[in-house]
1. Across the residues of B:217-225, average count of Cβ atoms on other protein chains within 10 Å?
2. In segment A:126-287, what percentage of the DSSP-assigned beta bridges are antiparallel, given to the nearest 5?
3. Most fluctuating residue of A:Ala59, A:Ala105, A:Ala93 in a GNM of chain A with Cα springs under 10 Å: which is it?
4. Provide an ascending nm list, one decimal, of label-point separations from B:Glu194 to the equivalent residue in each further copy; define each label point as 7 Å from Cα along Cα→Cβ.
5. Which log10 I(q)/I(0) values does the protein assembly as shown give at q = 0.09, 0.10, 0.12 Å⁻¹ under the Debye formula, counting every alpha carbon as one identical point scatterer?
6. To the nearest 20 Debye, how big is the dipole of the protein assembly as shown about its Cα centre, given +1 on the beta carbon of each Lys and Arg and -1 on that of each Asp and Glu?
7. How high is the relative contact order of segment A:34-116, in percent, counting Cα pairs under 8 Å that sit 6 or more residues apart?
8. Let me check against my output: what whole-number percent is the relative contact order of chain B, with C-alpha pairs under 8 Å and at least 6 apart?
Number of protein chains: 2
Amino acid sequence: MAEAPRIAIDAMGGDGGLAVMLAGVALARRQWPGLTFDLVGDEAAINAALDQHPNLRAASEIIHAPETIDGSERAGQAIRRAKTTSMGIAIDAVKQGRAGAAVSAGNTGALMAMAKLALRTMPGIDRPALAALLPSLGEKDFVMLDLGANTECETRNLVEFAIMGAAYSRIALGIERPRVSLLNIGTEDQKGTEEIRDAAAALRAADHLHMNFDGFIEGDKIARGLTDVVVCDGFSGNISLKTMEGTARFVTDLLRRAFTSSIRSKFGFLISRPATELMRHHLDPDNHNGAVFLGLNGVVVKSHGSASPKGVANAVGVAAKLVDANITQRIAEDLALIKANGK
Amino acid sequence: MAEAPRIAIDAMGGDGGLAVMLAGVALARRQWPGLTFDLVGDEAAINAALDQHPNLRAASEIIHAPETIDGSERAGQAIRRAKTTSMGIAIDAVKQGRAGAAVSAGNTGALMAMAKLALRTMPGIDRPALAALLPSLGEKDFVMLDLGANTECETRNLVEFAIMGAAYSRIALGIERPRVSLLNIGTEDQKGTEEIRDAAAALRAADHLHMNFDGFIEGDKIARGLTDVVVCDGFSGNISLKTMEGTARFVTDLLRRAFTSSIRSKFGFLISRPATELMRHHLDPDNHNGAVFLGLNGVVVKSHGSASPKGVANAVGVAAKLVDANITQRIAEDLALIKANGK
């Protein structure tokens, strides 16, 4: 795309509702001035909320949606209401080519199902995957996928996730030949399920791809800056991602308890504050908000339900970057490469 | 057992070798004075090392083993050398009834395979599982299993893990009716694999067991003190456990960087030190060392390869507690209960 992308926003999803979503989109518009938006949801409510964001009003069109998808609604039910809900209409804007990407903070399962049905899976891809950028001790973030879109995966799926994850890493982090690893319970060849072992063999043989396949990686190594892309099935990926979130919170909770346990330690904390703020910044989920469904004919980004405006802006930025770099085309090229060389 | 248990020690396993193992066992002997030991390994080396631990010499017999199992040796090869290796001979002491439990810091796969072959799985149990006590934000630790013994699990395995984990929780933590949860990627009924959903249905129906089954739990909630036993297949359990270890180290590394980033923050850290030491104590892997193979006719405990003497002593304490409370009998009773009521 020559001009800056247009992004369709499901304005009604997320725990903080319309106010947080629009504040986040307004923030994104200030960070990336060329962006334009379709704001999808209750027209009157959006109109009223835009009074606080004149910069956003100037760059947006409101598309009215009479209904919203509930957080607990099953995907099977949700897809029947695609045409009347803010989530469904935002995705349709991508399908119609009005918008380059859709961003929603609503029900993940519903978003996945609607996106798949409306945009269809890319030719050559069996199943799309949910990918995110996560913080590491290295210089750059790393990409991890699948984070929960596919409970069980075959060899073919894992190989395709590796290709999609590498394309994402190149675009989002600028790594020309990303180091790709398969999440496993050991690094020896015989470890793990048959699907994982076969995927490793296929990726090892595919040395013409734009990646360096590094074999298996264990759960304690993924955030150490040793790899750029971690590939796994959606079940273990979701367990690992949430264990990361829970453990980071666990340790920071212990730290808070420690720092408030005495006047002395409170004083020490105040002195160290500028330094610990840096750490908080690094761990802040808002700085890593925006998980992407890769493998669809169009870009759909999931913002965390509890994301702040800063987090929403980050998710919009992810969407804009992927549209701008034409991720779908990049994945298609790599798929052609692996097919041409006989997987 | 009326008297304090006798523990067979594989003296040759672990990264720190003989010196660390014996220092740990000597420490355990001081903490639990009734314990006696079979120290299995190179006789001359053990004899020499015992000069530093007269208290341990008085409570031990040395059993010579001419060989040791290598850390990278495949389980299939290792079991052929069971009769001549320190690991195999320590397990055999349990089989022969000389010792109540065996403790090894060696190769986990080999230990599992040897223990299964020598001690056999308990009647009524399909597959043994690796269980550990992990730190939580609650008042007590929680039990998690399987941590890597079974890459793929059927419904029956998950149900049996729940029974074994609850028995472990009762013995190790004194919780009469432990809260038991299945690790999953969501809490709604339809989430996860068929095996997990069926295990949930079976456990929900089995209300005569000594546990409160709480349904599904996600990875970010497991350490929050909301549950006493987390049940999962060995693949996702191992991924989750190692992600916990990696993330805890990641956050403490960031903290260290933060605290050493300026003279001011270093000063703050020194002042807060007594408080952060408490946190370190809570997170110290040595305080949670000692993973147990549950479901065998005998107790086998795996000490972490990198455990310090304090960690080894903790693993020995875990073994002694399980023998003392007759875990095998307790599991058999609960199995009989679920069978009598028709699983």
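Values in this text are rule-based calculations from the coordinates and carry no lab data. Computed from a prediction, not measured in an experiment: that's the story for all the values here. Please note: Cβ atoms are built from the backbone with ideal geometry, for glycine as well, and neighbour counts cover all protein chains shown.
1. Counting Cβ atoms of other protein chains within 10 Å of each residue's Cβ and averaging gives 6.
2. 30
3. A:Ala59
4. Shortest to longest, the spacings are 1.6 nm.
5. -0.83, -0.99, -1.30
6. Working: 74 positive and 78 negative charges, 244 e Å.
Result for the protein assembly as shown is approximately 1180 debye, rounded to the nearest 20.
7. The value is 30 percent.
8. Computed over chain B, the figure is 23 percent.
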